[in-house]
Amino acid sequence: MGAEIDRRKSGVYKYRAGGTSEPVSAGDAIRQLVDSLGIAEKLKQQCVLSLWEKIVGEDIAAVTQAEGFRGGQLTVSVQNPTWRHWLIFQRENIRQNLNREVGGEVVKTIRLQ
């Protein structure tokens, strides 16, 4: 019982995926669960949406809204044609910064509307 209490305090829990009884950290157990459910890509897409303002800054975020994904394409609504035109030239940099932040090639293209 004492070893089990120590294990809980240290943040290591038993997760029996695939028949193994080796202890793993809670973070590893969550990653295994996310992978087994096949939702890793969706979680990264949601991270991109929530990071939009941080990556583009307050000025751009004030006139844009990251709407969602379809097949790796991030759709962004822009309030006026002047900003849309300017963002056409910035979207590759924005795409790279978003992907760097989430740690993967989640955003393939950015569609401005």
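The values are calculated or read from the model by the stated rules, or taken from the named source; none is laboratory data. Just so it is clear, the model here is predicted, and its values are computed rather than measured. So basically every Cβ, Gly included, is an ideal-geometry build from the backbone, and we count neighbours across all protein chains shown.
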Query raised in the report: Which of (1) more than 13 Å from the chain's Cα centre (by Cα); (2) at pLDDT below 95 does GLY72 not meet, given it meets every other one?
Result: (1)
Query - Among the residues listed as GLU101, GLU53, GLU92, the single one being in a helix (DSSP H, G or I), over 12 Å from the mean Cα position of the chain (by Cα) and under 30 Å from ASP28 (Cα atoms) - result: GLU53
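Rundown of residues vs (1) of a type in the set (Val, Ile, Thr); (2) in the same structural domain as LYS54 (by TED's automatic domain parsing); (3) surrounded by 12 or more Cβ atoms within 10 Å (Cβ to Cβ), yes/no style:
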position: GLY68; (1), (2), (3): no, yes, yes
position: VAL76; (1), (2), (3): yes, yes, yes
position: ASN80; (1), (2), (3): no, yes, no
position: HIS85; (1), (2), (3): no, yes, no
position: GLU92; (1), (2), (3): no, yes, no
position: GLN96; (1), (2), (3): no, yes, yes
position: VAL102; (1), (2), (3): yes, yes, yes
position: LYS108; (1), (2), (3): no, yes, yes
Requested in this report: Return yes when LEU43 is of a type in the set (A, V, I, L, M), at pLDDT 95 or above and not in a loop (DSSP other than H, G, I, E, B) and no when it is not.
Outcome: no
